[in-house]
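Notes to accompany the following structure.
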């Protein structure tokens, strides 16, 4: 069964996701590739990782940068869960393209490996990342070839909806650009995630303590 948990920020919802999976000590690849070009304080990345550890996953850091398709396929097939971190979506897509690993991720997820995404890691699962062109610095991906995502879901996620930090980018530019897209768009607050099971999905809001 194809199963994805798509979040804006995993630290808000990790415990709820773990309860829903209902299996302890699952081996999780914490893929940090999108965060490699992020600058400043990366405490959010540490918090996201710790939230998964606290939720009972056996977490191992991983990157696809500099790796070939077969290497990625062999190494990631050892894990029960793939977690794709937040960061720069365009940089992430460029590294997927460079490693020719689109089908690796699609095959693993379609054959039962659980996928958890945060922000960029959620956006990349959709059909097209271009509607979020003003969210990340595209200059970090100078060799990107097109904007087609992994296509694991048929909608585009706008993460961090309602977060004050992203307010200007959404209201002043992104919504105007996205209004012309043919893609279905889901606005996803930080305390909410999308559960995808095969061809069905539902939006789950987690009560914050």
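When you go through 162, 126 one by one, which is the residue that is closer than 24 Å to residue 11 by Cβ and surrounded by fewer than 19 Cβ atoms within 10 Å (Cβ to Cβ)? Outline the logic, then answer.
Numbers: 126 fails: surrounded by fewer than 19 Cβ atoms within 10 Å (Cβ to Cβ).
One residue alone meets the criteria, 162.
Can you pull out every residue in region 30-61 that is more than 21 Å from residue 137 (Cα to Cα) and within 14 Å of the chain's Cα centre (by Cα)? First the steps, then the outcome.
Start the filter on region 30-61 by keeping residues that are more than 21 Å from residue 137 (Cα to Cα), which leaves 30, 46-61.
Correct list: 30, 48, 49.
Residue check, residue 89 against (1) buried (at least 19 other Cβ atoms within 10 Å of the Cβ); (2) closer than 17 Å to residue 26 by Cβ, all met but one. Which one?
Tallying (1) buried (at least 19 other Cβ atoms within 10 Å of the Cβ); (2) closer than 17 Å to residue 26 by Cβ, residue 89 fails exactly one: (2).
For the structure I just gave you, tell me whether residue 118 is under 21 Å from residue 191 (Cα atoms) and in contact (Cβ under 8 Å) with a residue 24 or more places away in the chain. If you could, list the steps in order and put the result at the bottom.
On the way: under 21 Å from residue 191 (Cα atoms): yes; in contact (Cβ under 8 Å) with a residue 24 or more places away in the chain: yes.
So residue 118 fits the description; yes.
Go through the residues of region 34-49 one by one and say whether even a single one is under 17 Å from residue 111 (Cβ atoms), surrounded by 19 or more Cβ atoms within 10 Å (Cβ to Cβ), modelled with pLDDT of 95 or more and in contact with a helix residue (DSSP H, G or I) (Cβ under 9 Å, 6 or more places away or on another chain). Outline the logic, then answer.
Let us first name the residues in region 34-49 that are under 17 Å from residue 111 (Cβ atoms), namely none.
No, that holds for no residue.
The values are calculated or read from the model by the stated rules, or taken from the named source; none is laboratory data. Since we're looking at a predicted model, the values are computed, not measured. Please note: Cβ atoms are built from the backbone with ideal geometry, for glycine as well, and neighbour counts cover all protein chains shown.
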